[in-house]
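> To start, I am sharing the structure in question, which I have written as structure tokens.
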Amino acid sequence: MLATVLLADFANLTDNSKINVMGVFRQINAGQFPCRHLSMYLVINLQTMPLDELHGEMVLVARLIDADGTVLHQLEMPFTFPEWSGNLRPEANFIFQINNLQFSYPGEYVWDVFVNDENVGRYEFNLNQQAKENG
């Protein structure tokens, strides 16, 4: 299975299953901690590979994990892949809008993505303490 994982300011899915993504980021700056990030979109595209034996209902799980290994947020979604059609690989698209996510301290964070308990992707990002300006 091939997974693409992105974190963005906005994303949507068109009527013909195209993913639109705007403002992909790996850095969040905050003036103080704890801080609250008002809105982010976690975008996940899964594609099957020719030898994958993927049938029936599956479960996608995305976990936001801090540098200490603590799970801060978890998303779950059951899904099934469509059948193979010609040369097109079956794919499944997921867009999660996450609002008002609180972070306690600066550092490294990661979204780990699992399908049926198998880690299929990850997206690392950093929260930075922004220097206060004098004046």
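> Please report Trp111, Trp84 as a ranked list, fewest other C-beta atoms within 10 angstrom at the top and most at the bottom.
Final ranking by Cβ density, sparse to dense: Trp84, Trp111.
> Let me spell out the model: positive unit charges on the Cβ of Lys and Arg, negative unit charges on the Cβ of Asp and Glu, origin at the Cα centre of the chain. What dipole size does that give, in debye rounded to 20?
520
> In the chain, if the dipole is taken from +1 on Lys/Arg beta carbons and -1 on Asp/Glu beta carbons about the Cα centre, which of Met40, Val61, Trp84 is farthest to the positive end?
The Cα lying farthest towards the positive end belongs to Met40.
> Working from the alpha-carbon coordinates of the chain, get Rg over Rh, Rh being the Kirkwood radius.
1.04
> Same structure, new question: Determine the dipole magnitude for the range 1-66: charges of +1 sit on the beta-carbon of Lys and Arg, -1 on that of Asp and Glu, nothing else is charged, the reference point is the Cα centre, and the result goes in debye to the nearest 20.
Its charge dipole is roughly 320 debye.
> Select from Leu38, Leu72, Leu88 the residue whose mean-square fluctuation is largest in a Gaussian network model of the chain (Cα-Cα springs shorter than 10 Å).
Leu88
> Quick check: from the Cα gyration tensor, does the range 55-135 come out rounded (a/c under 1.5), prolate or oblate?
prolate
Any read-out appearing in this document is the output of simple, stated calculations on the displayed coordinates, not a laboratory observation. All values reported here derive from a predicted model rather than from experimental measurement. For neighbour counting, all protein chains shown are included, and Cβ atoms are generated from backbone atoms with ideal geometry for every residue, glycine included.
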